[in-house]
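Scroll down for the structure; my scribbles are underneath it.
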Amino acid sequence: MGAERVSTLADKLSGMFKGSVDGFAAKMQTVAGQRSVIDFLESKEPDMHGQVTALFNEFRKRDTLTKIIELLDTQKRSLLRLGDEALKLKVNIDSMAHRTAGQISFLSVGRFVSYKGSIYFPTLTPVTDKNKTIGYVIDWQLLNVTQQAIDQVDQLMGGNGRLYFGNDDAGFWTDLRKPVEKPAVDLSKLQQSAQYTGANGEAVIGSLRKIPGSKWLMLVELSSASFLKTANVFLQWVIVIGILLVIAGSIGGWVMVRNITGPIKELSNAAAQIANGDYSASVGVNRQDELGTLAGSFNIMAARVRSAQRGLEQKVQATTKELETAISDITEKEKSERKKDEFISIASHELKTPLTTIKAFFQIAVKEMDPGFKSFGLIGRAARQLTRMERLIEDLLDVSKINSGKMKYNLEDFDFQQILKDAIDGVREIYPNHNLVLEGSAPVMFHGDKHRIEQVIINLINNAVKYSPKADQVLISAGYKDGNIMVTIRDFGIGIAEEHISELFDRFYRIDVEHHFQGLGLGLFISSEIIKRHGGNISVESEVGRGSAFTFRLPVKEEQLN
Ligand code: ADP
């Protein structure tokens with residue numbers, strides 16, 4: 001680092017002194033370029049001699065450091081020499097000439113010469129006319145560096161350096177004040193910079209430069225110790241600054257981490273809280289950057305989740321309440337249904353026994369009574385009412401059997417057509433004034449409970465008669481197609497409104513609320529159960545005021561009972 005610094009310093013200073021050399025040359029050029037000088041060299045006329053002398057004197061007056069100014073011809077003969085006579089100084093012009101690309105040029109400033117305790121140096125300026133050298137102006141100057149200039153250079157070198165000038169043959173050295181000893185170092189090593197022991201015995205780093213345009217060498221020396229000191233101070237500073245930077249970096253890092261991970265931690269805690277079902281979570285990050293936006297969005301989301309959750313809870317509560325009510329309604333309904341079923345079962349059984357006895361008594365009474373007896377007719381009517389009552393009780397018993405799954409079916413093969421006819425005949429006996437017409441036939445052997453099937457047919461024909469108060473015709477059509485027995489009982493009675501049809505086969509369902517027609521609303525329920533148990537189905541088509549048509553289908557080949 002020190003070597004580099006010395007080298008850089010040497011470069012700077014040599015540049016600076018080259019400027020001085022150029023300045024000397026330029027100054028002399030103003031003299032050498034004078035017409036009178038040229039003319040004198042061309043003509044050598046004695047008249048001109050006076051003019052040139054006047055010019056040189058004028059120049060010396062202005063430039064007090066110029067001790068000798070001399071004009072030479074191309075043969076290096078002195079044509080004019082003004083100044084200190086005692087100074088026997090001579091320039092070796094040839095040593096200052098050098099050839100480049102066939103052209104001869106000259107260095108401006110020559111070697112130092114020490115004479116009687118003072119140091120002098122020459123400036124050589126060729127006089128040219130039409131690009132031809134016609135003579136030379138030599139100016140010998142006293143090396144007189146002012147204290148101010150020395151101070152400036154010292155300052156430039158940081159107070160720890162020394163500057164030496166020497167001739168390019170290294171035969172003379174000066175510290176710009178006085179001649180000094182040749183530096184104790186191999187100068188060829190100082191092209192860059194090198195360490196050695198300086199004049200006062202301390203270690204120095206030096207760097208040597210040739211001053212362009214002159215025969216001067218310049219040596220810059222800086223004390224190594226000062227470097228070490230500077231380097232140590234610098235190192236200390238580097239360490240202190242480094243530590244400060246590390247601390248600042250760590251604090252910055254910590255602040256940054258806190259700044260970023262803090263809010264993220266808060267966010268993740270809040271998210272975990274929500275995930276655990278605590279919807280009250282929110283994040284208190286109040287900042288303007290992306291994290292602030294994220295926290296804001298999170299809080300909005302959390303609020304929405306909260307309100308959605310609250311809404312859901314309310315809905316769930318309401319629905320649960322509705323469900324509870326509905327369930328309790330259903331259980332209530334089921335309870336009352338069960339009670340009703342129990343009652344029907346008990347009542348029908350209880351009624352059946354006395355009725356059977358009464359019926360038996362009536363049969364005896366009718367048998368033993370004289371038909372001429374006044375009340376005989378009444379007894380007959382009472383017997384019919386008993387039969388009706390018996391049928392009602394049978395229906396009730398059937399319903400309770402269906403409900404408890406205890407309905408028994410006595411299966412056998414029977415002639416369906418025969419059963420159909422028997423049923424129609426049975427009803428005809430009860431309703432002799434009605435016209436029951438059988439159309440078509442279903443002469444197939446059917447496997448099932450013939451009494452139950454007959455019960456269905458009778459039931460449907462009974463209804464057809466019962467709900468046709470103003471019509472007396474009932475059409476019964478039977479047929480067999482594709483393995484199915486199809487029977488339709490059609491009447492021309494009051495008909496059934498559309499809205500009742502879906503519930504018609506439910507138990508106890510009656511359209512006739514005012515009870516113009518007798519009945520419990522059980523016949524269709526029992527009939528559809530019987531048909532279903534035989535694998536078939538029952539349906540109705542009806543029009544109010546025009547009549548109804550009940551159709552049931554029974555599959556023949558399939559296994560009907562399940
Ligand atoms: P009910 O003993 O009342 O006749 P059903 O179960 O046999 O009971 O019939 C249920 C209801 O269906 C009846 O109350 C009646 O309103 C209606 N209904 C049944 N058959 C017919 C029909 N052929 N014409 C009109 N209405 C009918």
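Please find, within region 522-546, the residue that is nearest to the ligand (Cβ to nearest atom) out of those that are farther than 18 Å from ILE458 by Cα and not aliphatic (A, V, I, L, M). My answer is SER542.
Within region 41-60, is there a residue that is of a type in the set (Val, Ile, Thr) and assigned to a loop (DSSP other than H, G, I, E, B)? Scanning region 41-60, I find no residue that is of a type in the set (Val, Ile, Thr) and assigned to a loop (DSSP other than H, G, I, E, B), so the answer is no. When PHE508, PHE550, PHE492, PHE517 are checked against the criterion of being crowded, with 16+ Cβ neighbours inside 10 Å and near the ligand (Cβ under 9 Å from one of its atoms), a single residue qualifies: PHE550. When ASP94 is tested against (1) in a helix (DSSP H, G or I); (2) surrounded by 18 or more Cβ atoms within 10 Å (Cβ to Cβ); (3) acidic (Asp, Glu), only condition (2) is not met.
Within region 269-285, the residues that satisfy the criterion of being assigned to a loop (DSSP other than H, G, I, E, B) and modelled with pLDDT of 75 or more are ASN276, GLY277, ASP278, TYR279, SER280, ALA281, SER282, VAL283, GLY284. Is it true that ASP512 is over 15 Å from ASN463 (Cα atoms) and among the charged types (D, E, K, R)? Taking the combined requirement at face value, the residue does not satisfy it. Against the definition (over 20 Å from GLY135 (Cβ atoms) and without any contact (Cβ under 8 Å) to a residue 60 or more places away in the chain), how does MET16 come out, yes or no? So MET16 fits the description; yes.
Residue-wise test of (1) within 23 Å of LEU420 (Cα to Cα); (2) under 60 Å from the mean Cα position of the chain (by Cα); (3) more than 10 Å from the ligand (Cβ to nearest atom); (4) acidic (Asp, Glu).
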{"site": "GLY440", "(1), (2), (3), (4)": "yes, no, yes, no"}
{"site": "ARG452", "(1), (2), (3), (4)": "yes, no, yes, no"}
{"site": "LEU460", "(1), (2), (3), (4)": "yes, no, no, no"}
{"site": "TYR467", "(1), (2), (3), (4)": "yes, no, no, no"}
{"site": "LYS470", "(1), (2), (3), (4)": "no, no, yes, no"}
{"site": "GLN473", "(1), (2), (3), (4)": "yes, no, yes, no"}
{"site": "ALA478", "(1), (2), (3), (4)": "yes, no, yes, no"}
{"site": "GLU498", "(1), (2), (3), (4)": "no, no, yes, yes"}
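Could you please let me know if SER307 is among the polar types (S, T, N, Q), assigned to a helix (DSSP H, G or I) and over 29 Å from the mean Cα position of the chain (by Cα)? Judged against the criteria, SER307 is not a match.
The values are calculated or read from the model by the stated rules, or taken from the named source; none is laboratory data. Because the structure is predicted, anything quoted here is derived from the model rather than measured. We place every Cβ from the backbone using ideal geometry, glycine too, and count neighbours over all the protein chains shown.
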